[in-house]
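**Student:** To start, I am sharing the structure in question, which I have written as structure tokens.
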Amino acid sequence: MEREPYPSDLSDEQWSLIEPMITAWKQDRVARSATGDPGSCDLREVVNAIFYENRTGCRWRYLPHDLPSWSAAFYYFGPWRQDGLDQRIQELLRCQVRVRARRLEDPSLVIIDTQSVRAAAGVPKTTTGLDVNKKVSGRKRGLAADVLGLVIGVVVLAASAHDNAAGTALLDRAAERCGMRLEKALVDQGFKDEVVIMACCWTSTSRSSAATPTTRAKASFRSRKGGSWSRSTAR
């Protein structure tokens, strides 16, 4: 039975972009299952249910009755995250947007920054902390993005964590996603020597030269040329 669409629903064009990856995932799961039963759940509607929950912020059990049951939506949401399907879809879409903008699929430069945000009252204390500089109690989110604003990597830490912890994790993610294309990461002065050292020591041979603390704070990281990271002052 046809239903009235929600603003968060996928368009036909959007679904056509990700349907092959979701179908391939489903076929692989069915092939490895004991029964081989593909089930009868409409996976496009499952994605619509997940988007509805994400957009509105409702609880899973509060999903509208004309969408798949909350248990079905949550059943697929978990394995898709665990298997990395959501990340593969995000990477596919990011590359397509960059190509449409007449750029190579992977960026040569990323921008890294963090932000401390207040956590809701029900968030476990074990995952939050106090950012003494920003005077914010909650979590710290770190983001690595390209010049188009497309997300390359995300980390979420307690707000008490130093920017270095987020910076090193984001460098790892950026290098993993961009590979040998990555040449530079722009950061602000909140990122200290640990991030600079990590960028310079991706391999055992580093060609970086000594720099003053001020230069280090403004440093950007050029990627592997001849198997090592070098560093240049951002301009």
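**Student:** Could you tell me which numbered condition K134 fails, if it satisfies all but one of (1) charged (D, E, K, R); (2) assigned to a loop (DSSP other than H, G, I, E, B); (3) closer than 30 Å to S16 by Cα; (4) free of Cβ contacts under 8 Å to residues at least 40 places away in the same chain?
**Tutor:** Unmet for K134, out of (1) charged (D, E, K, R); (2) assigned to a loop (DSSP other than H, G, I, E, B); (3) closer than 30 Å to S16 by Cα; (4) free of Cβ contacts under 8 Å to residues at least 40 places away in the same chain: (3).
**Student:** While we're on this one: Tell me yes or no: at least one residue of the range 113-129 is within 29 Å of Q189 (Cβ to Cβ), in contact (Cβ under 8 Å) with a residue 60 or more places away in the chain and either in contact with a strand residue (DSSP E or B) (Cβ under 7 Å, 6 or more places away or on another chain) or surrounded by 12 or more Cβ atoms within 10 Å (Cβ to Cβ) (or both).
**Tutor:** yes
**Student:** Out of curiosity, is L85 surrounded by 11 or more Cβ atoms within 10 Å (Cβ to Cβ), aliphatic (A, V, I, L, M) and under 27 Å from A174 (Cβ atoms)?
**Tutor:** In short, yes.
**Student:** Restricting to the range 1-21, count the residues that are surrounded by 11 or more Cβ atoms within 10 Å (Cβ to Cβ) and within 17 Å of Q96 (Cα to Cα). Break it down into steps so the answer makes sense when it comes.
**Tutor:** Taking the range 1-21 first, the residues surrounded by 11 or more Cβ atoms within 10 Å (Cβ to Cβ) are 3, 6, 8-10, 14-15, 17-19, 21.
Cutting the leftovers down to within 17 Å of Q96 (Cα to Cα) gives us 14-15, 17-19, 21.
Residues meeting the conditions: 6.
**Student:** Looking only at the range 155-181, how many residues end up being of a type in the set (S, T, Y) and in contact with a helix residue (DSSP H, G or I) (Cβ under 6 Å, 6 or more places away or on another chain)? Step through it out loud before you land on a result.
**Tutor:** Taking the range 155-181 as the starting set, the residues that turn out to be of a type in the set (S, T, Y) are 160, 168.
Within this subset, residues satisfying the condition of being in contact with a helix residue (DSSP H, G or I) (Cβ under 6 Å, 6 or more places away or on another chain) are 168.
Of the residues in that region, 1 qualify.
**Student:** Of all residues being acidic (D, E) and assigned to a loop (DSSP other than H, G, I, E, B) in the range 26-54, which is surrounded by the fewest Cβ atoms within 10 Å (Cβ to Cβ)? Just the residue, please.
**Tutor:** Taking the candidates together, the pick is D37.
**Student:** Moving on. Is one or more of the residues making up the range 57-73 within 25 Å of A145 (Cα to Cα), aromatic (F, W, Y) and modelled with pLDDT of 95 or more? Break it down into steps so the answer makes sense when it comes.
**Tutor:** Keep residues of the range 57-73 that are within 25 Å of A145 (Cα to Cα), which gives 57.
Filter once more, so that each one left must be aromatic (F, W, Y): none.
No, that holds for no residue.
**Student:** Also, I was wondering about something else. Can we say V110 is assigned to a helix (DSSP H, G or I) and within 30 Å of R181 (Cβ to Cβ)?
**Tutor:** Working: assigned to a helix (DSSP H, G or I): no; within 30 Å of R181 (Cβ to Cβ): yes.
No.
**Student:** Between A174, A166, which is among the aliphatic types (A, V, I, L, M), under 12 Å from the mean Cα position of the chain (by Cα) and within 18 Å of E194 (Cα to Cα)?
**Tutor:** On the way: A166 fails: under 12 Å from the mean Cα position of the chain (by Cα).
Result of the check over A174, A166: A174.
**Student:** Shifting gears a bit: Can you give me the number of residues within the range 151-187 that are farther than 21 Å from S108 by Cα and part of a strand (DSSP E or B)? Spell out the reasoning first.
**Tutor:** Going residue by residue through the range 151-187, those that are farther than 21 Å from S108 by Cα are 156-165.
With part of a strand (DSSP E or B) added as a condition, the list becomes 156-158.
Qualifying residue count, the range 151-187: 3.
The values are calculated or read from the model by the stated rules, or taken from the named source; none is laboratory data. In this text the structure is predicted, and so the values were computed from the model without any measurement. So basically every Cβ, Gly included, is an ideal-geometry build from the backbone, and we count neighbours across all protein chains shown.
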